[in-house]
Amino acid sequence: MWAGSFEQECRARGIRLTAQRLAIYRAVASDTGHAGAEAVYRRIRPRMPSMSLATVYRALEFLVAEGLIRRLGATAEIGRYDARVEPHPHAVCRVCRQIIDLDAGTLPDVPVPAAPVPGFRVESIDLRIVGICGNCLRKLPFKGGKRRP
C-alpha cells in the first residue's frame, strides 16, 4: 500500500490522517531496508523539527495496531517496520542486520498448524531466513580456503 492508497484506506476506515502519520508512513514505505523507529525519526526530523522520537514510536505502533504497516522482528535489536502488509518472508543478515523482502513464491509452502499450543489461535506466520548477505560474505576473511562465518 503506497501513500495514495494509504490515505484512501485511512479515510475509508475513519482513521484520522495527521501530517505526522502520513510522513511516518511515507518514510516506512520508501525504505526498502525496513527502517526502525530511530531511522524514521532521522529521516523526517529535517522536515518536521517539532516531531519527537516518542511521537514516532506512538505513531508506528498505532499504524501496526491498525494493520497499515507490519512490525518485524530482527536479530538482536528492536522492531523494524514494513509498509508491505501482505504476508511475505524475509531474509535477515545476522552481520549487517539488513532485512530483504522475499516473494512468497520463492519458498515452499509452510503448513500453518491448527493449534501448536492448546487454546492458541494462529493468526499469521512470520517467516525469517537468517544468514549472511552477499555484501557481508565478501568482507569475511578467508580461513583454510573457505570463508569464515
Inset, instruction - Scan region 1-44 residue by residue and report those that are more than 20 Å from the chain's Cα centre (by Cα) and either charged (D, E, K, R) or in a loop (DSSP other than H, G, I, E, B) (or both). - result: Arg11, Arg13, Gly14, Ile15, Arg16, Leu17, Thr18
Legend entry - Count of residues meeting criterion [touching a Lys or Arg at 6+ places or on another chain (Cβ under 8 Å) and modelled with pLDDT of 80 or more] in region 112-149: 4
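Table: residues versus (1) in contact (Cβ under 8 Å) with a residue 24 or more places away in the chain; (2) under 21 Å from Glu123 (Cβ atoms); (3) of a type in the set (S, T, N, Q).
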{"site": "Gly33", "(1), (2), (3)": "yes, no, no"}
{"site": "Glu38", "(1), (2), (3)": "no, no, no"}
{"site": "Arg45", "(1), (2), (3)": "no, no, no"}
{"site": "Met48", "(1), (2), (3)": "yes, no, no"}
{"site": "Leu53", "(1), (2), (3)": "no, no, no"}
{"site": "Arg58", "(1), (2), (3)": "no, no, no"}
{"site": "Leu63", "(1), (2), (3)": "yes, yes, no"}
{"site": "Ile69", "(1), (2), (3)": "yes, yes, no"}
{"site": "Arg94", "(1), (2), (3)": "yes, no, no"}
Inset, instruction - Take the residues in region 62-111 that are at positive phi and exposed (fewer than 13 other Cβ atoms within 10 Å of the Cβ), then tell me which one is modelled with the highest pLDDT. - result: Gly67
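The values are calculated or read from the model by the stated rules, or taken from the named source; none is laboratory data. Keep in mind that this is a model prediction, so the values were computed, not measured. No Cβ is skipped: glycine too gets one built from the backbone with ideal geometry, and neighbour counts run over all protein chains shown.
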